[in-house]
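Written below as structure tokens is the structure these notes are about.
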Amino acid sequence: MNLKLTLGKVAKLLNVSTDTLRRWDKSGILTAERSNKLSGHRYYSNESLETYLYDNIFKFCYKWATRKMGQEPPSIFYCQNSSIFQARLSKMEAELMKTDSLKDIYSLLVAITGEIGNNAFDHNLGNWSDIAGLFFGYNLKSHQIVLADRGQGLYKTLKRVKPEIKDDKEALKTAFTEIISGRAPENRGNGLKYVRRVVEMIPIELYFKSGNAELTLTKNDSEVKPRQAQKRMLGCLALIKF
């Protein structure tokens with residue numbers, strides 16, 4: 001069913017002003033349709049909106065993750081619970097398997113996506129900051145996988161079991177380099193270390209952000225070097241480029 005979405009509803013969904021949408025319409029970035037020639041009211045079909053969202057998937061995910069007031073992401077990206085995430089992860093795996101150029105790495109892409117997504121549910125259960133669940137989407141044409149949550153973030157999670165951690169940068173480095181769990185007294189904490197090992201094995205790039213710290217990892221990076229991010233966020237955000 002091709003739903004018609006109003007200018008105001010799309011502006012709220014994308015977290016932009018209606019004036020911005022009008023400019024995008026004129027420039028062709030996101031083209032609106034008209035209800036009729038007389039009134040000229042703009043509206044958007046869900047098909048055109050989905051095309052825009054997939055073409056700008058990381059930009060939209062970043063805006064969703066860093067906005068001050070949370071709201072549920074579009075249903076095409078929203079995993080309210082881990083069961084929905086696992087089902088969509090399986091769907092992504094089936095699509096990746098069909099791409100000949102990815103036959104040697106698709107299973108590892110699925111594995112690290114699963115680790116990052118499962119971490120969000122495992123460490124935030126009952127402790128979401130505002131919106132429970134996970135933003136998860138991918139675009140095979142642009143070779144991108146994105147995940148984000150509005151949970152506690154690495155600093156709050158790890159500080160419970162390692163109180164000496166002083167800030168987001170140290171928490172981010174710890175998460176990728178040390179065996180430590182945010183769910184004491186369990187002997188866990190291999191998730192993001194495993195992700196790092198996979199990145200070192202195959203030609204992909206990982207961008208990861210939590211709080212006001214971020215890092216980029218590639219196959220050639222021998223060290224984990226978090227840096228200060230320009231904008232703070234509540235939970236975690238990951239972009240996998242392959």
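Things worth noting here:
- Criterion: β-branched (Val, Ile, Thr), in the same structural domain as Met97 (by TED's automatic domain parsing) and more than 19 Å from Asn118 (Cα to Cα) - qualifying residue of Ile131, Ile202, Ile180: Ile202
- Residue match in region 196-206 (condition: touching a residue at least 24 places away in the same chain (Cβ under 8 Å), crowded, with 19+ Cβ neighbours inside 10 Å, among the charged types (D, E, K, R) and assigned to a strand (DSSP E or B)): no
- Residues (more than 16 Å from Arg150 (Cα to Cα) and outside any helix (DSSP H, G or I)) located in region 76-112: Ile76, Lys98, Thr99, Lys103, Asp104, Ile105
- Comparison of Glu115, Glu72 shows that the only residue that is under 14 Å from the mean Cα position of the chain (by Cα), among the acidic types (Asp, Glu) and modelled with pLDDT under 95 is Glu72.
- Breaking point among (1) surrounded by fewer than 17 Cβ atoms within 10 Å (Cβ to Cβ); (2) in contact with a Pro (Cβ under 7 Å, 6 or more places away or on another chain), for Thr218: (2)
- From the options Ile116, Ile165, residue that is part of a loop (DSSP other than H, G, I, E, B) and hydrophobic (A, V, I, L, M, F, W, C): Ile165
- Residue match in region 76-96 (condition: at pLDDT below 95, surrounded by fewer than 17 Cβ atoms within 10 Å (Cβ to Cβ), under 30 Å from Gly28 (Cβ atoms) and in the same structural domain as Ile202 (by TED's automatic domain parsing)): yes
- Looking across region 54-70, just one residue is within 13 Å of Ala148 (Cβ to Cβ) and of a type in the set (S, T, N, Q), and that is Thr66.
- Reported count of residues in region 24-75, each being under 24 Å from Gly117 (Cβ atoms), touching a strand residue (DSSP E or B) at 6+ places or on another chain (Cβ under 7 Å) and not in a helix (DSSP H, G or I), is 2.
- Only one of the listed residues (Val16, Val10) is assigned to a helix (DSSP H, G or I), surrounded by 15 or more Cβ atoms within 10 Å (Cβ to Cβ), within 21 Å of the chain's Cα centre (by Cα) and hydrophobic (A, V, I, L, M, F, W, C). That residue is Val10.
- If you go through region 118-132 and pick out every residue that is at pLDDT 95 or above and among the aromatic types (Phe, Trp, Tyr), you end up with 1.
- Consider region 219-238 and keep the residues that are among the polar types (S, T, N, Q) and assigned to a loop (DSSP other than H, G, I, E, B). The one that is modelled with the lowest pLDDT is Ser222.
- All positions within region 158-192 that are at pLDDT below 95 and among the charged types (D, E, K, R): Lys159, Arg160, Lys162, Glu178, Arg183, Glu186, Arg188
- Region 52-75, subset of a type in the set (Ser, Thr, Tyr) and more than 16 Å from Leu21 (Cβ to Cβ), residue surrounded by the fewest Cβ atoms within 10 Å (Cβ to Cβ): Ser75
- Annotation note: Cβ proximity below 9 Å between a residue of region 87-100 that is touching a residue at least 24 places away in the same chain (Cβ under 8 Å) and a residue that is among the polar types (S, T, N, Q) (sequence gap 6+ or interchain) occurs for Leu89/Thr113; Met92/Thr113; Leu96/Ser107.
The values are calculated or read from the model by the stated rules, or taken from the named source; none is laboratory data. Bear in mind the structure is a predicted one, so any value in this text is a computation, not a measurement. We place every Cβ from the backbone using ideal geometry, glycine too, and count neighbours over all the protein chains shown.
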